[in-house]
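The values are calculated or read from the model by the stated rules, or taken from the named source; none is laboratory data. This is a predicted model, so every value here is computed, not measured. Note that each Cβ is placed from the backbone with ideal geometry, even for glycine, and that neighbours are counted across all protein chains shown. Note: accessible area is taken over every heavy atom of the protein model, side chains too, but ligands, DNA and RNA are not part of it. Shrake-Rupley method; radii C 1.70, N 1.55, O 1.52, S 1.80 Å.
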Amino acid sequence: MDQNIPSQIAPPFSGYQKLVIALLALLQFTIVLDFMVLAPLGDFLMKSLSITPKGFGLVVSSYAFSAGASGILAAGFADKFDRKKLLLFFYTGFIVGTLCCAMSTTYEMLLGARIVTGLFGGVIGAISMTIVTDLFAVHQRGRVMGFVQMAFAASQILGIPIGLYLANIWGWHAAFYMIVIVAIGIALTVVFKVKPIDKHLAIQSDKNAFLHLWHAVSNPSYQTGFLATAFLSVGGFMLMPFGSAYLINNINISQAELPMVFMFTGMGSIIMMPLIGKLSDKMDKFMIFCGGSLLAIVMILIYTNLTPIPLWQVVVLNMVLFMGIMSRMIPATTLTMSIPDQKDRGAFMSVNASLQQVAGGIAALCAGLIVTQETKSSPLQHYDTLGIVVSVLILLCGFFVYRVNVMVKKKGQA
């Protein structure tokens, strides 16, 4: 089957498929929100639990690295169970970890809770992507990914403002309690409404979990997909850590105006993601990726060399920049998801998710080595250099995504 078959040929989504898409999007919303809400709550947490900036950095990074480790550990077992049961197991652990975050009264408790949350939460994205690949044809996945990726934008528009609002009224614990309550409702819906997803069990050949992991990691085709994902993640994560500091210290955006920038960017992403997903089902995915990469490079080079400009211009530039980033992410992720055989999908997605987390952590670390700041309120230096580095990484990523595209087309023709 050709990966570029127009979506009109495919039947429309059934009611059950729409339910699965909605549940996966909501799952991603809670996972992303749990990770992203920590930074805005930083001031609350540091004052409440007497945490140093270095200690808070460890709290943030502990989630990413524990999530990366759990993905590798779970990869060998990811294809040995019903996907639904596996999803519920890890999502239950994520809920327990988030509840422990809400109940933390010391720095050590919070650090431990974040590690637990990362161990379980880091695998859920991989399981979700595996379910998408199992339940949806290749020429439907772009649209599905467009809706599922909306979770990132929704967390910016709804989750973080609501979490901060609750934190201002009842304390920082309330934001985590909110996530727990929403997650429990989603988990119960999965229990009663989602059918077993176990067709892959009939074609398993590896009896040993570690042998299964080795076969996935050592497969040359899969390795190309892993490299594509790693470079895709590094390029995105290098700009993120210093985004707010750059806007405030270099562009002179106030703290009060900052939420507006994120809100409008998120709204633009919510509109664009389904459109990009639909477009990637109708056109060549790699061409859309190339167009998005070119737009992203141009916008990054402009954005990282800005001088103080009006707020509305900052909002417009951010929206166009994210349009370029999403035009890369959705087709590239959809292509990468199509690489593994059905019997290896769980293992492939788990390793892929781990690399994504670890690559993101390394990217943030490298960005910190490039960008400097003389005082807490002085402009960031070498942010333009960071823009050049990211642009080069985007070009390198294009090489690996091209190789993935060739493999997927050959597989479709076969």
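ILE271 falls short on exactly one of the conditions (1) out of contact with any Phe, Trp or Tyr (no Cβ under 7 Å at 6 or more places or on another chain); (2) modelled with pLDDT under 85; (3) β-branched (Val, Ile, Thr); (4) crowded, with 18+ Cβ neighbours inside 10 Å, and that condition is (4). Taking the conditions exactly as written (open to solvent by less than 20 Å² (accessible area, probe 1.4 Å) and over 26 Å from ALA69 (Cβ atoms)), does PHE289 satisfy them or not? Considered against the rule, which asks whether it is open to solvent by less than 20 Å² (accessible area, probe 1.4 Å) and over 26 Å from ALA69 (Cβ atoms), PHE289 comes out as yes. In region 86-110, the residues that are closer than 18 Å to VAL32 by Cβ reach residues that are of a type in the set (D, E, K, R) and surrounded by 15 or more Cβ atoms within 10 Å (Cβ to Cβ) with C-beta atoms within less than 6 angstrom, at least six apart or across chains, in these pairs: THR98/ASP34.
Name the residue that is modelled with the lowest pLDDT, counting only residues in region 312-328 that are more than 18 Å from GLY387 (Cα to Cα) and open to solvent by less than 40 Å² (accessible area, probe 1.4 Å). Only one residue fits best here, namely SER327. For region 367-395, filtered to residues that are open to solvent by 80 Å² or more (accessible area, probe 1.4 Å) and hydrophobic (A, V, I, L, M, F, W, C), the residue that is modelled with the lowest pLDDT is LEU369. The residues of region 106-138 that are under 23 Å from ALA22 (Cα atoms) and polar (S, T, N, Q), listed by number, are THR117, SER128, THR130, THR133. Within the option set PHE348, PHE264, being under 30 Å from VAL123 (Cβ atoms), assigned to a helix (DSSP H, G or I), touching a residue at least 24 places away in the same chain (Cβ under 8 Å) and within 20 Å of the chain's Cα centre (by Cα) holds for one residue only, PHE348.
For (1) in contact (Cβ under 8 Å) with a residue 40 or more places away in the chain; (2) within 19 Å of the chain's Cα centre (by Cα); (3) more than 24 Å from VAL60 (Cα to Cα), each residue gets a yes or a no:
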| site | (1), (2), (3) |
| --- | --- |
| ARG328 | yes, yes, yes |
| THR336 | yes, yes, yes |
| LYS343 | yes, no, yes |
| ALA363 | yes, yes, no |
| GLN373 | yes, no, no |
| LEU395 | yes, no, yes |
| ASN405 | yes, no, yes |
